[in-house]
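K.L.:
My questions will all concern the structure given below.
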Amino acid sequence: MKLGSMPIAVLMQRRTPRHRWAGEAWAAVGIVRDSGSLPPLQMLSQSPEGDDYLVSGLELELYPDENEGYYENFMAPEAKVFVLWRMQDGRAMPVRASVSYVEGTRMFDSGENADGVAMPPEVQAWLRAYLHAHYQPKPKRGRQHG
């Protein structure tokens, strides 16, 4: 059962390396909250060296069975939003995003393209409020002997 959601847009980037044998490099490099007024695809800059574009239509969703992963990510030195993307029509397009460390690990382990981008303060505040309302860390147990 979904307990929270936030619509987002993902900032994607294409870079052309200066090395003649290297191909294009694609990456998710940031996210912003989507108020619903963003177009599905918005070119921000285009040049032979690279493109920056914003893709809307994604949603961060919070489910109670991922609470440990949310907490682990939130407590990390640099919290991330994990973005899974696929090539579509010659362009890298995000297909899923998560704030769960466990889900992010699954994305990276899947062999698909995924990036971890810095979690914006607005998303951190949203996640903090969710964890405060829906998560209680498990008590640490003492050392077990025997």
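K.L.:
Choose one of 10, 31, 82: the residue whose Cα lies farthest towards the positive end of the charge dipole of the chain (beta-carbon charges +1 Lys, Arg; -1 Asp, Glu; about the Cα centre).
P.N.:
82
K.L.:
Give the distance, in whole Å, between the Cα centre of the range 38-103 and the Cα centre of the range 2-32.
P.N.:
Going from one Cα centre to the other spans 8 Å.
K.L.:
Please list the non-local residues whose amide H lies under 5 Å from the amide H of residue 30, H modeled 1.01 Å from N, same-chain partners needing a gap of 5 or more.
P.N.:
The answer is 11.
K.L.:
If you consider only alpha-carbon coordinates, what radius of gyration and Dmax does the range 102-145 have, in Å?
P.N.:
Cα-based Rg and Dmax for the range 102-145 come out at 15.6, 44 Å.
K.L.:
How much accessible area does residue 72 have with a 1.4 Å probe, in Å² rounded to the nearest 10?
P.N.:
Roughly 90 Å² of residue 72 is accessible to a 1.4 Å probe.
K.L.:
Work out from phi, with θ = phi - 60° and the Karplus expression 6.51 cos²θ - 1.76 cosθ + 1.60, the ³J(HN,Hα) of each residue of the range 81-86, listed in order in whole Hz, and give x for Gly and Pro.
P.N.:
10, 9, 10, 9, 9, 9
K.L.:
Looking at the range 1-72, which chymotrypsin sites (Phe, Trp or Tyr not before Pro) are in a loop (DSSP not H, G, I, E or B) and have at most 13 other Cβ atoms within 10 Å?
P.N.:
Here the chymotrypsin sites (Phe, Trp or Tyr not before Pro) that fit, given the DSSP loop and packing criteria, are 21.
K.L.:
Rg and Dmax of the chain, Cα atoms, in Å?
P.N.:
Computed over the Cα atoms of the chain, radius of gyration and Dmax are 17.6, 65 Å.
K.L.:
For the chain, what is the calculated [θ] at 222 nm in deg cm²/dmol (nearest 500), taking -39500 (n - 2.57) for each run of four or more DSSP H residues and dividing by its residue count?
P.N.:
After summing the helix terms and dividing by the residues of the chain, the value is -6500 deg cm²/dmol.
K.L.:
Name the long-range amide H neighbours of residue 95: under 5 Å, sequence gap of 5 or more, or other chain; modelled H, no Pro or chain starts.
P.N.:
The answer is 84, 85, 86.
K.L.:
I'd like the carbon and sulfur percentage of the solvent accessible area for the chain, probe radius 1.4 Å, heavy atoms only, ligands and nucleic acids excluded.
P.N.:
51 percent
The values are calculated or read from the model by the stated rules, or taken from the named source; none is laboratory data. Bear in mind the structure is a predicted one, so any value in this text is a computation, not a measurement. As a convention, Cβ positions derive from the backbone with ideal geometry for all residues, glycine included, and neighbour counts pool all protein chains shown. Heavy atoms of the whole protein, side chains included, go into the accessibility calculation; ligands, DNA and RNA do not. Shrake-Rupley method; radii C 1.70, N 1.55, O 1.52, S 1.80 Å.
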